[in-house]
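Below you'll find the structure, written out as structure tokens, and then a few comments.
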Amino acid sequence: EVEEELVSVGIMKDTVIRFCMNSPYEAKGNEVVGEQVAEYTDGGIRWGDNVYQKLTFRAEGEDASFTLHGVTIGQKFHWERQESQTFQGILKLVVDEDKIVAINILPVEDYLTSVISSEMKDSCSLEYLKAAAVISRSWLYAQMQRRQEHADGGAPFFSFVKGEGESIRWYDREDHTIFDVCADDHCQRYQGITRASNPQVAEAVNATQGQVLMYDGKICDTR
């Protein structure tokens, strides 16, 4: 088993990010509540009367939430559309390629409860959901480890493994470098608390807390 960590999830990327603090958050020493606008300006993020390189909004209450407007879901699929989505945890805004990226930082187990509630039917059995939780958690930690190794100056950061007599390359997705995973089907579908979590999913995640699949001393990339 591994200790629970925080996961950073890339939610959206645009020149203007519109969002609402549904309860008090803190940023730059100020309490923030209500509708907000952050705009990319001259290499930085204009929020209020100032321009910043990055902004971090931290919840002041345990059940605090924020809503991001215009989040694209189903990117490059026929159901692609935009909607407002609500999240708990930290909201971080950073600059990347002349745009602002909105990142949600939250505990891994909370992330998994949302992902599996979105991806699995209510009718799934508890044992099936427990297996899904272990698989989803394993893939997530493998991705987080690969990103950390890259940040520490280790192996190149792409989905390619070469061993004796075999080479494995994943073509289903690119790897991310400024956050651990994205929120769309490209990685795992994560929609915060926008859609009610399945109580049976929460039970499955809790029952398998911290459990991952290992092979040869390493966490398996289970995709």
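Summary of packing: across the peptides 95-104, 8-17, the per-residue average of other C-beta atoms within 10 Å ranks them, highest first, as 8-17, 95-104. For residue 222 and residue 53, what is the calculated FRET efficiency with R₀ set at 35 Å and r taken between the beta-carbons, to the nearest 0.05? Approximately 0.45, to the nearest 0.05. The mean accessible area for residues of the range 69-153, using a 1.4 Å probe and ignoring ligands and nucleic acids, is 48 Å² per residue.
Applying 1/(1 + (r/R0)^6) with R0 = 30 Å to the Cβ-Cβ distance of residue 23 and residue 213 gives a FRET efficiency near 0.20.
A straight chain from residue 63 to residue 126 at 0.36 nm per residue would run longer than the Cα-Cα distance by 20.0 nm.
Apolar share of the accessible surface for the range 17-122: 42 percent from carbon plus sulfur atoms, 1.4 Å probe.
Over 22 Å apart at the Cα level, from the set 13/54; 54/218; 28/54; 92/130; 13/92, are 54/218; 92/130.
Net length available on complete extension from residue 195 to residue 37 is 54.5 nm, with 0.36 nm assigned per residue and the Cα-Cα distance removed. Between residue 99 and residue 86, the contour length at 0.36 nm per residue exceeds the Cα-Cα span by 2.6 nm.
The values are calculated or read from the model by the stated rules, or taken from the named source; none is laboratory data. Owing to the predicted nature of the structure, the values given are computational and were not obtained by experimental measurement. So basically every Cβ, Gly included, is an ideal-geometry build from the backbone, and we count neighbours across all protein chains shown. SASA here: full protein model, heavy atoms, side chains in, ligands and nucleic acids out. Shrake-Rupley method; radii C 1.70, N 1.55, O 1.52, S 1.80 Å.
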